[in-house]
1. Is there any pair linking a residue in the range 216-243 that is buried (at least 16 other Cβ atoms within 10 Å of the Cβ) to one that is aromatic (Phe, Trp, Tyr), with Cβ under 7 Å and at least six apart or on different chains, and which?
2. State whether the residues of the range 95-111 include one that is over 24 Å from LYS233 (Cα atoms), basic (Lys, Arg) and touching a Leu at 6+ places or on another chain (Cβ under 7 Å).
3. Scan the range 9-30 for residues that are out of contact with any Asp or Glu (no Cβ under 9 Å at 6 or more places or on another chain) and hydrophobic (A, V, I, L, M, F, W, C) and jot them down.
4. In the set GLU62, GLU33, GLU45, which member is touching a Lys or Arg at 6+ places or on another chain (Cβ under 9 Å), among the acidic types (Asp, Glu) and surrounded by 15 or more Cβ atoms within 10 Å (Cβ to Cβ)?
5. Restricting to the range 148-173, and then to whatever is part of a loop (DSSP other than H, G, I, E, B) and touching a residue at least 12 places away in the same chain (Cβ under 8 Å), can you tell me which residue is surrounded by the fewest Cβ atoms within 10 Å (Cβ to Cβ)?
6. Identify the residue in the range 41-66 that is within 20 Å of the chain's Cα centre (by Cα) and in contact (Cβ under 8 Å) with a residue 24 or more places away in the chain and, among all such residues, is nearest to LYS3 (Cα to Cα).
7. Looking at the range 124-135, I want the residues that are in the same structural domain as ILE173 (by TED's automatic domain parsing) and have a partner that is hydroxyl-bearing (Ser, Thr, Tyr) and surrounded by 18 or more Cβ atoms within 10 Å (Cβ to Cβ) with Cβ atoms under 8 Å, at least 6 apart or on another chain. Which pairs are those?
Amino acid sequence: MSKKDICSYNYEELRAEIESIGEKTFRSKQIYEWLHVKLAGSFDEMTNLSKALRERLEKEYEIPKVEMIDHQISQVDPTEKFLFELADGNMIESVLMKYNYGNSVCISSQAGCRMGCRFCASTIGGLERSLAPSEMLRQIYQIQKMTGERVSNVVVMGTGEPLDNYDNFVKFIHMLSDEHGLNISQRNITASTCGVVPNMRRLAEEGLQITLALSLHGSSQEKRKKLMPVANKYELEEVLEACDYYFRKTGRRITFEYSLVAGVNDQPEDVKELTGILKKRNCHLNLIPVNPIKERDYKKPDRKNALEFKNKLEKNGINVTIRRERGSDIDGACGQLRRRHATAD
């Protein structure tokens, strides 16, 4: 009999589960606190439970393995990268970025990715599987335990497409922001999607207050198709309508992510097309000079060209920033560290 993933039960589910095995309700509160506040990695740590109960939990349940196997610390800025191994041998990445307003962790939602964006290392090799809520949560828990510092912001922008793992992702958001757990404000949670339209609309109906970031990357349908296979399924117009719907339903301003690729999507015509798309929308454009990966020949624009691109957009009334590059001396981009380990085996 396979063990049940106790760390993926929300507060109410755990209470029902613990009652179903004949234990008193207050035990579920204790167990939940050990898992999601004290961040226990084993049942043995749960010292206020009887030995018999701990043994029973050990026999019937598991705390899914999310074990650090590599850790890189940037020498140029306060950024750290973690490679975790899961119980089945799959590997996922997370990044810790320290800012003056608090610590931000970027987590993965899948092992691998099937979206196929041309400039991204995460997608090389395709999708292995989606992560359980526990495996998403425990990336944050492990980082918080290792650093001894509280995480205040979470971005789901690591490996994987969160809206391709919809139910687990939504449950993860509820558990992360639940008062019985880490209680991170939903307004401090951002999730990135490459534009899975039906699930963007579903997400708008969930009553959440997270920020949705759309991976735009192309100023027209044709350019998106060259960079992002998902654009063959959803027209840019459909994607933008889903963004508008999310904004109308939640009041949360959309962030548009735009990887700048030299000579591909950083031309004067792109400024014009982007202005047409964004001018009338309450949104923010985040320019990301692309991280070169050896499997692709995409190059990042030089600093001067990136700044010129940004300035032209600003003159056209677009709210735009260039993302500060973090972790440039370590495997900073999504999928790079995981990829290096995979190819070394």
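1. Here the result reads LEU216/PHE256; LEU216/TYR258; HIS217/TYR258; LEU227/PHE119, each pair linking the range 216-243 to a residue that is aromatic (Phe, Trp, Tyr).
2. no
3. LEU14, ALA16, ILE18, PHE26
4. Unique residue meeting the criteria: GLU62.
5. ARG150
6. The qualifying residue nearest to LYS3 (Cα to Cα) is PRO64.
7. Short answer, once both residue conditions are applied: SER130/SER109; LEU131/SER108; LEU131/SER109; ALA132/SER8; PRO133/SER8; SER134/SER8.
Results for (1) part of a loop (DSSP other than H, G, I, E, B); (2) more than 30 Å from SER220 (Cβ to Cβ); (3) among the aromatic types (Phe, Trp, Tyr); (4) out of contact with any Lys or Arg (no Cβ under 7 Å at 6 or more places or on another chain), shown as yes or no for each residue.
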residue	(1), (2), (3), (4)
TYR141	no, yes, yes, yes
MET146	no, yes, no, yes
ASP178	yes, yes, no, yes
LEU182	yes, yes, no, yes
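The values are calculated or read from the model by the stated rules, or taken from the named source; none is laboratory data. Not measured: the values here are computed from a predicted model. With ideal geometry, Cβ positions are generated from the backbone for all residues, glycine too; neighbour counts draw on all protein chains shown.
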